Protein chains: 2
Amino acid sequence: MMKTAVIGAATSNFGELWDVSPRALVRQIVDHALSDAHLKISDIDAIYVGNMLSGILGNQENLGAFFSHELNLTCPAFKIEGACASGGLAFYNGLLGVRSGAFEKVLVIGVEKMTDHKPEDVALGLMGAGSSAERYAGATFPGLYALMARLHMNEFGTTEEHMAAVAVKNHYHASLNGKAHFKKPVTIEQVLQSPKIADPLKLLDCSPISDGAAAAIIVNETFAKKHPKPIWISGASVATDSLDLAGRKTLTSLTAAVTAGKRAMSEAGITPSDIDVAELHDCFTIAEIMALEDLGFYKKGKAGQAVLTGETTLGKSRLTTNTSGGLKACGHPVGATGVKQVVEIVKQLRNEAENKQVENARVGLTHNVGGSGAVAVIHIFKR
Amino acid sequence: MMKTAVIGAATSNFGELWDVSPRALVRQIVDHALSDAHLKISDIDAIYVGNMLSGILGNQENLGAFFSHELNLTCPAFKIEGACASGGLAFYNGLLGVRSGAFEKVLVIGVEKMTDHKPEDVALGLMGAGSSAERYAGATFPGLYALMARLHMNEFGTTEEHMAAVAVKNHYHASLNGKAHFKKPVTIEQVLQSPKIADPLKLLDCSPISDGAAAAIIVNETFAKKHPKPIWISGASVATDSLDLAGRKTLTSLTAAVTAGKRAMSEAGITPSDIDVAELHDCFTIAEIMALEDLGFYKKGKAGQAVLTGETTLGKSRLTTNTSGGLKACGHPVGATGVKQVVEIVKQLRNEAENKQVENARVGLTHNVGGSGAVAVIHIFKR
């Protein structure tokens, strides 16, 4: 299989970006990613855009051509949609584009503008990731993850403190990330006392509605070797599952993530213990606990306690998770998230993550999920 | 470059399919495509879905996982969106998936349900393919193509009769296609006397709002050689342009189609005169006239007269265009169209097109356009 690497990576600030359009946001991060890659825009052979909601919320589709023209290009350009995994899936398709030999240098863009819209419109739009049965029943994503959390608590003794510890860790990491949506640390007590959204999930267990964009440039081996710090893509896999919880074999694990994780690690020739740093899809705190178990970092029912004792916190751990702050505290502009995860891992493996740097990080993983677990995409990177 | 082929192809009936859900429609065509390919569903390695409007019209996204689960699979699955080129772009990405070595057998699905929605909602949704400036100005696609038609008439002497002849030819071809939306032939007079939609385009110059689905199965050389009638994919290219007409270099040609056409023919090692049968994106009659010129079949300004004299009509021509009836008369369920074009060419090159068969068809082309020309995807096939 052809060797491929990321040689350029950038994210915008995440948060409520009312003063900047999607066009301007994308121009900015593409400029940064190109400069990082030592390339110019005319070097790009194809564009893959990850976005979920521009159609539903803004009646704007055709984002491939939209951003290609915005960047003064006429190259092939595609929009890939897979709900909150749109960014990771765009990256995956960009990777296959390079591996196919069709393109040498691919630009992957993840972008989402959400805070300009009414929260109820955004919540309904996001339910487009789930099944119509769930939508018509009035379910929302906090409600669906609350069901999973309750079952995980009942089956494995996971507690509200365990979940709160995920929020505390990720807010702490975000406090070290100048681009995060939320930069204030929180305490276990603050999480536990925050208003209930869908019992047992409270406000501070939930990722926010955010704006943001991220870009990554994937190249083949020839171009990668010209760059001083290529980060090699050594494993990639996607798996799918039922859109609705009712169709799943289990609710305390995301089967698609288990499958994709195993395949990606096998392709990379590694085991979970080889991974130093991971960006996990913590749309809700319970989701990070399940991810830590689904990917084989912890046995079922053991991840919550591990997070509470600080095993996954920066500076204290063999495996550090969500140094960006995760979806929880860095923010969750849905189409951007999967690409931002890649950017964070690239910075970590290049030793450029500044005050949130994991010491001697050599192998990194990204875990991006669409819907309540209907699709999962895992990438593994090595320096 | 790895050799790839289509070994399975099927379309549903196109038209007003009020009694069938997208799920049922897709199950039906996937069954037919699998049987055509001599494969079973569990042989499929990945799914690429082309769809434009399920989010805007139905609040349903995540169609990759949606159809993967519907088909009892857990494989990688993606939705590719590029307006009315979504189907062709899904096929292109499926092709790269096979060429990359990631997958051996890929299922491409194009699907769109439009007639369940109010026409004004559909018209607004479709404008999601264009720019916000055009939308806010109140432009619709008939209006945009009318501007192009008027300019083509002024610059090259193209007439309303020339455009009407495209409708007459495509309705005639559709009358031979049991799956077409419109099965009645029309006359030049009927087209010219039909109500004006956006002068000079009349009702019978416009493709309809339709429901429909199509599927194609792409495999690598190893699997292709096991099939009695593989149809080889010998050229593929995508190009982009400005979403709005104001950003274009010319309005009497779709530059993206010119670029993608040249590249695809170069990859296939052919010239326009080698092509026996083509499915062209005739969303409006003027669009087929421009396509015939953009792809080098006729010199600028000569295509209209050629269509009027029957040069592209079945049984009379060296190059026959839109034997399916085209978007104009077979119907235009936007996400399905690009895949249906592939299915028609596959049937032609296998000599299985029944009473619309082009004699001794050896080389075929598909031309699929998104928006008013913002993206074009061209594929070339050989038997």
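The values are calculated or read from the model by the stated rules, or taken from the named source; none is laboratory data. All values derive from a computational prediction rather than experimental measurement. Reconstructed Cβ throughout: ideal geometry from the backbone, glycine too, with neighbour counts over all protein chains shown.
Numbers for the structure displayed
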quantity	calculated
Output for the range B:89-130, where each listed residue is small (Gly, Ala, Ser) and within 11 Å of another protein chain (Cβ to nearest Cβ)	B:Ala90, B:Gly94, B:Gly97, B:Ser100, B:Gly101, B:Ala102, B:Gly125, B:Gly128, B:Ala129, B:Gly130
Helices (runs of 4 or more DSSP H) (entirely within the range A:269-383) containing at least 1 residues that are among the small types (Gly, Ala, Ser) and within 14 Å of chain B (Cβ to nearest Cβ)	A:334-349
Any hit, the range A:73-83, residues being more than 8 Å from every other protein chain (Cβ to nearest Cβ) and modelled with pLDDT of 95 or more	no
Which listed residue, of A:Ser54, A:Ser100, is more than 19 Å from B:Gly373 (Cα to Cα) and surrounded by 23 or more Cβ atoms within 10 Å (Cβ to Cβ)	A:Ser54
Residue list for the range B:1-26, restricted to those being out of contact with any Cys (no Cβ under 6 Å at 6 or more places or on another chain), buried (at least 17 other Cβ atoms within 10 Å of the Cβ) and closer than 22 Å to B:Ile80 by Cβ	B:Thr4, B:Ala5, B:Val6, B:Ile7, B:Gly8, B:Ala9, B:Ala10, B:Thr11, B:Ser12, B:Pro22, B:Leu25, B:Val26
Count of residues meeting criterion [touching a helix residue (DSSP H, G or I) at 6+ places or on another chain (Cβ under 9 Å) and either within 7 Å of chain A (Cβ to nearest Cβ) or of a type in the set (D, E, K, R) (or both)] in the range B:50-72	12
Which listed residue, of B:Ile80, B:Ile47, is in contact with a Pro (Cβ under 8 Å, 6 or more places away or on another chain) and surrounded by 24 or more Cβ atoms within 10 Å (Cβ to Cβ)	B:Ile47
Qualifying residue in the range A:244-256 (condition: within 14 Å of chain B (Cβ to nearest Cβ), in a loop (DSSP other than H, G, I, E, B) and under 17 Å from the mean Cα position of the chain (by Cα))	yes
Filter result for the condition that a residue is among the aliphatic types (A, V, I, L, M), outside the structural domain of B:Val377 (by TED's automatic domain parsing) and crowded, with 24+ Cβ neighbours inside 10 Å, over B:Ile286, B:Ile218, B:Ile275	B:Ile218
Search result, residues across the range A:1-19 that are in contact (Cβ under 8 Å) with a residue 12 or more places away in the chain, farther than 24 Å from A:Arg383 by Cβ and part of a loop (DSSP other than H, G, I, E, B)	A:Ser12, A:Asn13, A:Phe14, A:Glu16, A:Leu17, A:Trp18
Qualifying residue in the range A:330-338 (condition: at positive phi and not assigned by TED's automatic domain parsing to the domain that holds A:Arg23)	yes
Number of the exception - B:Lys262 against (1) within 30 Å of B:Asp43 (Cα to Cα); (2) part of a helix (DSSP H, G or I); (3) under 21 Å from the mean Cα position of the chain (by Cα)	(1)
From B:Ile233, B:Ile217, B:Ile197, residue being part of a strand (DSSP E or B) and without any contact (Cβ under 8 Å) to a residue 60 or more places away in the chain	B:Ile197
Top-ranked residue of the range B:131-187 - restricted to ones that are more than 30 Å from B:Leu25 (Cα to Cα), charged (D, E, K, R) and touching a residue at least 60 places away in the same chain (Cβ under 8 Å), ranked as surrounded by the most Cβ atoms within 10 Å (Cβ to Cβ)	B:Glu134
Residue in the range B:200-209 that is in contact with a Pro (Cβ under 7 Å, 6 or more places away or on another chain), more than 19 Å from B:Thr312 (Cα to Cα) and basic (Lys, Arg) present	yes
Verdict on B:Lys328 being at pLDDT 95 or above, in contact with a Pro (Cβ under 9 Å, 6 or more places away or on another chain) and within 14 Å of B:Ala164 (Cα to Cα)	yes
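Table: residues versus (1) of a type in the set (Phe, Trp, Tyr); (2) under 18 Å from the mean Cα position of the chain (by Cα); (3) closer than 22 Å to B:Ser234 by Cα.
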{"position": "B:Ala303", "(1), (2), (3)": "no, no, no"}
{"position": "B:Leu308", "(1), (2), (3)": "no, no, no"}
{"position": "B:Glu311", "(1), (2), (3)": "no, no, no"}
{"position": "B:Lys316", "(1), (2), (3)": "no, no, no"}
{"position": "B:Pro333", "(1), (2), (3)": "no, yes, no"}
{"position": "B:Gly338", "(1), (2), (3)": "no, yes, yes"}
{"position": "B:Asn351", "(1), (2), (3)": "no, no, yes"}
{"position": "B:Asn355", "(1), (2), (3)": "no, no, no"}
{"position": "B:Asn360", "(1), (2), (3)": "no, no, yes"}
